[in-house]
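The values are calculated or read from the model by the stated rules, or taken from the named source; none is laboratory data. This structure is a prediction, so every number in the text was calculated from the model and none was measured. We place every Cβ from the backbone using ideal geometry, glycine too, and count neighbours over all the protein chains shown. Heads up: the accessible areas ignore ligands, DNA and RNA and are worked out on the full protein's heavy atoms, side chains in. Shrake-Rupley method; radii C 1.70, N 1.55, O 1.52, S 1.80 Å.
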Amino acid sequence: KKLSDRQKARRMVLQALYQWQLAGAPVTDIQAEFRGYYQGKIDWAYFNEVFPAIPPRVTELDAALTPLLDREMSALDPVELSVLRFGMYELLHRIDVPYKVVINECVELAKVFGATDGHKYINGILDRAARTIRTLEV
């Protein structure tokens, strides 16, 4: 399946978040690394807006996620945690993106990068989040 420029950028955001989460490298260093490594048609404006916006908001995003989880945040798979933070960020701060698109894109990312059934967990959490965050839209 051919990915859109935005979908390629979403994959990069997820990979950059994962790298930030595990390595703790500065966001600007990760951005520069991705700019140098990835070539071709990618929605760079989206990547450059969304990726650096998430790490400073991790406390807010985790606080919004915690009541929806059935386990401790520390027990989550690192990929799934990155996907959930990404999805929560978009639900809260990117109201230009319909909630169904946010959920679908995060589920697809979890299918590609996450554990076997991780996408089902992602779907459930983000669907519940959307019902409270995007009440009018849902």
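In the assembled protein chains, residue 34 presents an accessible area of approximately 10 Å² (probe radius 1.4 Å).
Just want the answer: with Cβ charges of +1 for Lys and Arg and -1 for Asp and Glu, which residue in 92, 38, 4 is farthest toward the dipole's positive end in the chain? The residue sitting farthest along the positive end of the dipole is 4. Ligands, DNA and RNA are left out, and with a 1.4 angstrom probe the accessible area of the chain is 52 Å² per residue. If you take the alpha carbon atoms of the range 11-138 and fit the smallest convex hull around them, that volume is 105 Å³ per residue. Once you have a ≥ b ≥ c as the square roots of the Cα gyration tensor eigenvalues for the range 72-130, tell me rounded if a/c is under 1.5, and otherwise prolate or oblate according to whether a/b is larger than b/c. Note, shape of the range 72-130 comes out prolate. For the chain, the longest principal axis of the alpha carbon atoms and the long axis of helix 5-23 meet at an angle near 80°.
For the range 1-44, taking Cα atoms only, Rg and Dmax work out to 10.8, 33 Å respectively.
Here the accessible area of the range 1-129 is 53 percent carbon and sulfur, with a 1.4 angstrom probe and all protein chains present.
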